[in-house]
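These notes concern the structure reproduced below.
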Amino acid sequence: MVNFDQVPERTGTRSVKWDLLKSIYGSEEVLPMWVADMDIAVPEAIKKALVDRAEHGIFGYTVTDKAISQSVTGWLKKRHGWDIKPSWLLYSPGVITSLHMAVQVLTEKNDKIMIQTPVYPPFYDLVQLHDRELVKSPLKLQDNRYEIDFAAFESALKQGVKAFILCNPHNPVGRVWTEEELRKIGELCLKHDVLIFSDEIHADLVYPNHRHIPIASLSDEINQITITCMSPTKSFNLAGLQVSYLITPDNQKRKKIDEFFHMQGIKMINTMGITALEAAYNEGEEWLEQLLHLLDGNRKLVEKAFQDRDEITVIPAEGTYLIWLDCRSLNMSQDELKTFMQEEAKVGLNDGSSFGKEGEGFMRINIACPRVTVEEGLNRILTALDVRKN
Ligand SMILES: Cc1ncc(COP(=O)(O)O)c(C=O)c1O
């Protein structure tokens, strides 16, 4: 059994989450439960692979060879039942990098690109930084679960949308889209001639009774219009190693994206990233299962902590280690809510409004940490709520 109880010391490691506390939250006393990485060490097999590679002492230009592709194709088959050809793959330093490339290569200035809000903040930049027009199709919160309003989804697509950026599993609302939902999305995109850029970085982080389905795996037709972006960095806590890949069976689209990578001077992935990816996919499955067990327990703890409180409602997560907290009953402005969390509760959460205006009144908490850290964070919030009440 992996021991996930140890609380690592991350301060002083140039950690975005821990070393920027003062500049972001104004105090080092704040417990950071924000940016999406984990306070959990990688599997021993990854550590060993990296140490062995480091021992070699030479870090020259490195190739992503057949063995790496086999690790990826093997993982997708084993974990997601998706059979892809190695030739469909392109490697990239990050999922967001891939999406920036896809937007620039496969859409044109002033094209309309659709996102489902609230959503991971960089999705807005993907559209707006490239002078594309943002089309929002807000998710609908119904009975404490976010749903797609397909009538609104289709009427938004009908405005002449060129591409739709899907987030599956969805950050921050925690939905793992079902086969039925994904089929509808795929069919509507085919019908209205819309490309799908599918961010599936959280694919491996799915809770019991839910299954991640790569949208491109649903049919040949959907596959042809989809660019899928994936990575082991969320599942295995490798974000600092900057490794990911994109998948498309369409040779023309893939060639154009590949050429564009070259035009930016991006030709290869860093040696350590490739080494970690291979170890994760070839030797990390058992560790991942145990991690999912820990995360499942952590998410239940969050749900339980607030089940009898009227101030905060937890949106149950089906996937990801990011939990969306509905704090609207506190009747605070967004600034008051942020101040309450960081100054009274002393927890560093993500501001819900950074995910779009639909996120106002919400906060996002990251539960990818040892159980005691989640307990500490919850305790801080509950105590601060009690203090306010009295
Ligand atoms: C939905 C989503 N996409 C992409 C990323 C970042 O991916 P990368 O670091 O590979 O660019 C994150 C990180 O939190 C994310 O939640």
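One table, with the values for the structure above:
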{"quantity": "Residue that is farthest from the ligand (Cβ to nearest atom) [pool: residues in segment 91-105 that are touching a strand residue (DSSP E or B) at 6+ places or on another chain (Cβ under 6 Å) and part of a helix (DSSP H, G or I)]", "calculated": "Ala102"}
{"quantity": "Some residue of segment 44-57 being of a type outside the set (Asp, Glu), in contact with a Gly (Cβ under 9 Å, 6 or more places away or on another chain) and either within 16 Å of the ligand (Cβ to nearest atom) or in contact (Cβ under 8 Å) with a residue 40 or more places away in the chain (or both)", "calculated": "yes"}
{"quantity": "Hits in segment 168-205 - residues which are of a type outside the set (A, V, I, L, M), within 15 Å of the ligand (Cβ to nearest atom) and over 14 Å from Ala102 (Cβ atoms)", "calculated": "Asn168, Pro169, His170, Asn171, Pro172, Gly174, Arg175, Trp177, His202, Asp204"}
{"quantity": "Scan of segment 273-308 for residues that are surrounded by 15 or more Cβ atoms within 10 Å (Cβ to Cβ) and either among the hydroxyl-bearing types (Ser, Thr, Tyr) or not in a helix (DSSP H, G or I) (or both), ordered by number", "calculated": "Thr275, Tyr281, Gly284"}
{"quantity": "Glu108 vs. criteria over 25 Å from Ser219 (Cα atoms), free of Cβ contacts under 8 Å to residues at least 60 places away in the same chain and in a helix (DSSP H, G or I)", "calculated": "no"}
{"quantity": "Hits in segment 187-208 (condition: farther than 21 Å from Tyr124 by Cβ and without any contact (Cβ under 8 Å) to a residue 40 or more places away in the chain)", "calculated": "Glu187, Leu188, Leu190, Lys191, His192, Asp193"}
{"quantity": "Strands (runs of 3 or more DSSP E) wholly inside segment 174-267 that include at least 2 residues being touching an Asp or Glu at 6+ places or on another chain (Cβ under 7 Å)", "calculated": "226-230"}
{"quantity": "Every residue from segment 206-239 that is within 12 Å of the ligand (Cβ to nearest atom), aliphatic (A, V, I, L, M) and in contact with a Ser or Thr (Cβ under 6 Å, 6 or more places away or on another chain)", "calculated": "Ala239"}
{"quantity": "Tally, over segment 157-188, of residues that are surrounded by 22 or more Cβ atoms within 10 Å (Cβ to Cβ) and on the phi > 0 side of the Ramachandran plot", "calculated": "1"}
{"quantity": "Search result, residues across segment 240-263 that are within 15 Å of the ligand (Cβ to nearest atom) and surrounded by 19 or more Cβ atoms within 10 Å (Cβ to Cβ)", "calculated": "Leu241, Val243, Ser244, Tyr245, Leu246, Ile247, Phe261"}
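Computed from the coordinates by the stated procedures, all read-outs in this text should not be read as laboratory data. All of these numbers come straight from a predicted model, not from anything done at the bench. When we count neighbours, we look across all protein chains shown, and the Cβ atoms used for this are built from the backbone with ideal geometry, even at glycine.
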